[in-house]
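Chemist: Pasting a structure here, questions to come.
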Amino acid sequence: MNYIKILNNGIVKENPTFVLLLGMCPTLATTTSARNGLSMGLATMAVLICTNFVISCIKSLTPDKVRIPVFVVVIASFVTVLQLIIKAYLPEIDKDLGIFIPLIVVNCIILGRAEAFACKHTPLASIFDGIGIGLGFTMALTFLGMVRELFGAGSLFGATILPETSNVLLFVLPPGAFISLGFLTAIMGRLSNK
């Protein structure tokens, strides 16, 4: 099994945000800043890696009739642990992301990767798939957050870059998320066609 190819698929060819257009709720809602995008991406990636590994390990023990409920229980368990860790050690991130951490349970990227990859491959390959898809998602959210924060607030990761007079409030509002995502998706599509 070519693990580099699996990583590359998640980052470029099967990027969940720019190619597959999955996970749009956290993508649009949490990317008001680069820090929030990075935090949400890393949280999702942690759950994705752990979930892929466990599902790959228990795939032969899981009857087909209860496969999806078992996947959801595994995902929910890791999200609960992650949420408790974030609440305890990163209260500022917990405050910024709020309800979107528990909503990782219903993120279609995680359930989709469990169904499409983890239940058909080895645990090691499933870990690499989780890393690749997670990195692709994290990079997309961070980049989208950077664009929105730069043009909307004139800063990157909280550091002021542009003067306040050049800020366009639209970029930090919900319509700015759609506009930014549309342009970035188009740019990524154009670059991948070359």
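Chemist: Being under 15 Å from Phe117 (Cα atoms) and either open to solvent by less than 60 Å² (accessible area, probe 1.4 Å) or at pLDDT 95 or above (or both): is that true of Thr17 here?
Modeler: no
Chemist: Ok, one more. Which of the residues belonging to region 35-45 are open to solvent by less than 40 Å² (accessible area, probe 1.4 Å) and among the aliphatic types (A, V, I, L, M)?
Modeler: Passing the criteria: Met40, Ala43, Met45.
Chemist: Could you check, for region 70-79, whether at least one of its residues is more than 28 Å from Pro123 (Cβ to Cβ), modelled with pLDDT of 90 or more and part of a helix (DSSP H, G or I)?
Modeler: no
Chemist: Can I ask one more? Need the failing condition index for Ala114 against (1) surrounded by fewer than 17 Cβ atoms within 10 Å (Cβ to Cβ); (2) under 30 Å from Lys5 (Cβ atoms), just the number.
Modeler: (1)
Chemist: Can you find a residue that is open to solvent by 20 Å² or more (accessible area, probe 1.4 Å), within 27 Å of Leu181 (Cβ to Cβ) and either over 11 Å from the mean Cα position of the chain (by Cα) or not polar (S, T, N, Q) (or both) anywhere in region 73-81?
Modeler: Within region 73-81, one or more residues are open to solvent by 20 Å² or more (accessible area, probe 1.4 Å), within 27 Å of Leu181 (Cβ to Cβ) and either over 11 Å from the mean Cα position of the chain (by Cα) or not polar (S, T, N, Q) (or both).
A quick yes/no check of all residues on (1) open to solvent by less than 40 Å² (accessible area, probe 1.4 Å); (2) more than 17 Å from Pro16 (Cβ to Cβ); (3) touching a residue at least 24 places away in the same chain (Cβ under 8 Å):
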| site | (1), (2), (3) |
| --- | --- |
| Ser60 | no, yes, no |
| Ile101 | yes, yes, yes |
| Val106 | no, no, no |
| Ser126 | yes, no, yes |
| Ile133 | yes, no, yes |
| Met139 | no, no, yes |
| Gly152 | yes, yes, yes |
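Chemist: Still on this structure, I have one more. Starting from region 11-34, keep only residues that are over 13 Å from Phe171 (Cα atoms), then list their pairs with residues that are charged (D, E, K, R) and surrounded by fewer than 23 Cβ atoms within 10 Å (Cβ to Cβ) whose Cβ atoms are within a distance under 9 Å, requiring at least 6 positions of separation or different chains.
Modeler: These pairs meet every condition: Val19/Lys13; Leu20/Glu14.
Chemist: Then there is this: Contact list please: Cβ distance under 6 Å, first residue in region 159-185 and open to solvent by 70 Å² or more (accessible area, probe 1.4 Å), second residue in a strand (DSSP E or B), pairs at least six apart or on different chains.
Modeler: Close Cβ pairs (under 6 Å, with a partner that is in a strand (DSSP E or B)) amount to Ile161/Ser155.
Chemist: Kindly evaluate Lys5 against the criterion of being among the charged types (D, E, K, R), farther than 25 Å from Ala140 by Cα and modelled with pLDDT under 95.
Modeler: Judged against the criteria, Lys5 is not a match.
The values are calculated or read from the model by the stated rules, or taken from the named source; none is laboratory data. Bear in mind the structure is a predicted one, so any value in this text is a computation, not a measurement. Note that we place each Cβ from the backbone using ideal geometry, even for glycine, and neighbour counts take in every protein chain shown. Just so you know, the surface numbers come from the protein's heavy atoms only, side chains and all, with ligands and any DNA or RNA stripped out. Shrake-Rupley method; radii C 1.70, N 1.55, O 1.52, S 1.80 Å.
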